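The structure appears below as structure tokens.
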Amino acid sequence: MNKDESKIIRLLQGLALSLTPPKSSLEKLLANIDSEDVTKEPWIRYIYSMNWKFAAPLILAVLALGGFFAYKSFPTSVTQLAPSAENFQIPQEVTAQNSDSVLTQTDQEINQNMNQLDQDLKDVDAVQQEEDVNSI
Amino acid sequence: MGSDSIDPKVLIKQAKDGDKDAFGKLYKLYFVPVFRYAYLRVSDKEEAENIAQEVFLKVYKSIENYNDQGKDPLAYFFTITRNQVIDFYRKKKPISLDQNLPVLENLETSFGNPETFVDQNEKARVLNMAIQSLNDIQREVVILKFINGFENNQVAEILGKSEEAIRQIQHRALKVLKQKLEGLL
């Protein structure tokens, strides 16, 4: 390294000394860290603090055991829930042949109810009119 | 949990385990070099401070995933710093050539007349401009090696190059600086 290069290096080192960050930087950083510190949440801290080397196999073992019992009990419960083939009947009202009549019946019922409602309202009006006449 | 060590590898391991004192010591070790690097890359004290803050926040948030692989944590900090500087330039509005011209003119006149170096600030300004005139890799080597005082092997690790390559880049960078700083020498 020649004389000029040594001088340049000294100048650069001098420049480095003049480049100092403001002293408030640490406080700012700590404030930023505190405001973003999700690990302050107790449940996250608990998860972080868990010893996963032991916890992971334990969790896997519990899940495997649960899966095994679920598998074992599944076929039995399905057999119990399903009706036997000879007892199984399609409800009459939802068969394709009578689906129109089901619909018509329902419409008729609605019409009857509407007519009844109209009649009731007319009766109420008539009574009201009668009362009005009497009051005069 | 207390941290008495000042070995960055030990400190980062302790910080990873949630030791805030160890993180504080890493801050004391690396904040100034990170700030200096950022400053000489963006030439703005406030922006450099913001970048340095952002670097430490990122390290703090991602330290759980830190995998040392036997490397110096310095490389980890400076990889994040370099990315932050790249992000800074990506977000920054482009500066027109006209805006740069006065700076170039000043640079030429300052180098030509040693008498104009009236104070340390002027000297620092000219040095800074000479550093900015280097190409990217030369500038990075100069900042890391001479401004931050890192060893060649550390610079090589940060920049992902061999020590021999760093020596060559350093040699070329000093040659360019010698030409640019003729008035100062």
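The values are calculated or read from the model by the stated rules, or taken from the named source; none is laboratory data. Since the model is a prediction, treat every value here as computed from it, not as a measurement. Neighbour counts are summed over all protein chains in view; Cβ atoms, including those assigned to glycine, are modelled from backbone coordinates with ideal geometry. Quick note on the areas: whole protein, heavy atoms, side chains included, nothing else; ligands and nucleic acids left out. Shrake-Rupley method; radii C 1.70, N 1.55, O 1.52, S 1.80 Å.
Looking only at residues of segment B:57-101 that are of a type in the set (Lys, Arg) and closer than 30 Å to B:Asp17 by Cβ, we find that the one that is modelled with the highest pLDDT is B:Arg82. Can you confirm whether B:Ala38 is in contact with a Lys or Arg (Cβ under 9 Å, 6 or more places away or on another chain) and among the aliphatic types (A, V, I, L, M)? No: the conditions fail for B:Ala38.
Specify the residue that is nearest to the other protein chains (Cβ to nearest Cβ); the eligible residues are those in segment A:1-49 that are open to solvent by 50 Å² or more (accessible area, probe 1.4 Å), outside any helix (DSSP H, G or I) and at pLDDT below 70. Taking the candidates together, the pick is A:Met1. Selection over segment B:30-41 of residues that are more than 8 Å from chain A (Cβ to nearest Cβ) and either free of Cβ contacts under 8 Å to residues at least 12 places away in the same chain or open to solvent by 10 Å² or more (accessible area, probe 1.4 Å) (or both) gives a count of 3.
Checked against (1) away from every other protein chain (no Cβ under 11 Å); (2) open to solvent by 10 Å² or more (accessible area, probe 1.4 Å), B:Leu11 passes all but condition (2).
With the requirement that a residue be of a type in the set (D, E, K, R), within 12 Å of chain A (Cβ to nearest Cβ) and open to solvent by less than 50 Å² (accessible area, probe 1.4 Å), what does segment B:42-97 give you? Within segment B:42-97, B:Glu49 is the sole residue that qualifies. Restricted to segment B:119-185, the set of helices (runs of 4 or more DSSP H) holding at least 3 residues that are within 11 Å of chain A (Cβ to nearest Cβ) and among the charged types (D, E, K, R) comprises B:163-180. Given the structure, is B:Tyr27 within 17 Å of the chain's Cα centre (by Cα), among the hydroxyl-bearing types (Ser, Thr, Tyr) and open to solvent by less than 30 Å² (accessible area, probe 1.4 Å)? When the stated conditions are applied, B:Tyr27 passes them.
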